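Please treat every number below as a calculation from the coordinates, not as lab data. What you are looking at is a predicted structure, and each value in this text was computed from that prediction instead of being measured. A quick note on method: Cβ atoms are made from the backbone with ideal geometry, for glycine too, and the neighbour counts reach across all protein chains shown.
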Amino acid sequence: QVQLVESGGGLVQAGGSLRLSCAASGLTFSASGMGWFRQAPGREREFVAAISWSGDFTYYIDSVKGRFTISRDNAKSTVYLQMNYLKPEDTAVYYCAATAGRTYALPSQYNYWGQGTQVTVSS
């Protein structure tokens, strides 16, 4: 049974930082591309960042480039999202997801999802 468990969300002031973690089990993590998505109330789920199975390639939505960093530790089967200089518009539920494929931008390309962790940025 595949499980993705996110942690690290919370309430932070604008300009602050959070680090999200996603611990995976039940899948071959080192062969899986990993992504982070977010969904704000009343909005569709949005791609935030992704990392290839090897960690050699990373991808970001334009609005987080230079502020967010995705990384992975295959030995720990964990993917991270370091979020710096947070803005109120970053407020959302953040989800991690795993894919056996090699494209990462669309939710439909992912096979497994975590339950999400809330990130709230106050102004």
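The DSSP beta bridges internal to the chain are antiparallel in roughly 90% of cases.
For VAL48, the residues 5 or more places off, or on other chains, whose built amide H falls under 5 Å of its own are TRP36, PHE37, ARG38. The peptide list 55-67, 95-107, put in order of mean Cβ contacts within 10 Å with the highest first, becomes 95-107, 55-67. With a cut-off of 14 Å between beta carbons, the residues surrounding ALA14 carry a summed charge of 0, where Lys and Arg count +1 and Asp and Glu -1. 3J(HN,Hα) along the stretch 56-69: 6, 10, 10, 9, 9, 6, 4, 5, 10, 4, x, 10, 10, 9 Hz, from the Karplus curve 6.51 cos²θ - 1.76 cosθ + 1.60 with θ = phi - 60°, whole Hz, x for Gly and Pro. Packing order of peptides 30-38, 13-21, highest average first: 30-38, 13-21 (average count of other Cβ atoms within 10 Å over each peptide's residues).
Across the stretch 113-122, coupling constants 3J(HN,Hα) worked out from phi with the 6.51/-1.76/1.60 Karplus curve, θ = phi - 60°, read 9, x, 8, x, 9, 7, 10, 10, 10, 8 Hz, and Gly and Pro carry x. Once C-alpha pairs closer than 8 Å and six or more residues apart are averaged by separation and normalised to the residue number of the chain, the relative contact order reads 35 percent. Can you tell me how the stretch 9-49 classifies by the Cα gyration tensor, rounded, prolate or oblate, using a/c under 1.5 as the rounded cut? Verdict is oblate for the stretch 9-49.
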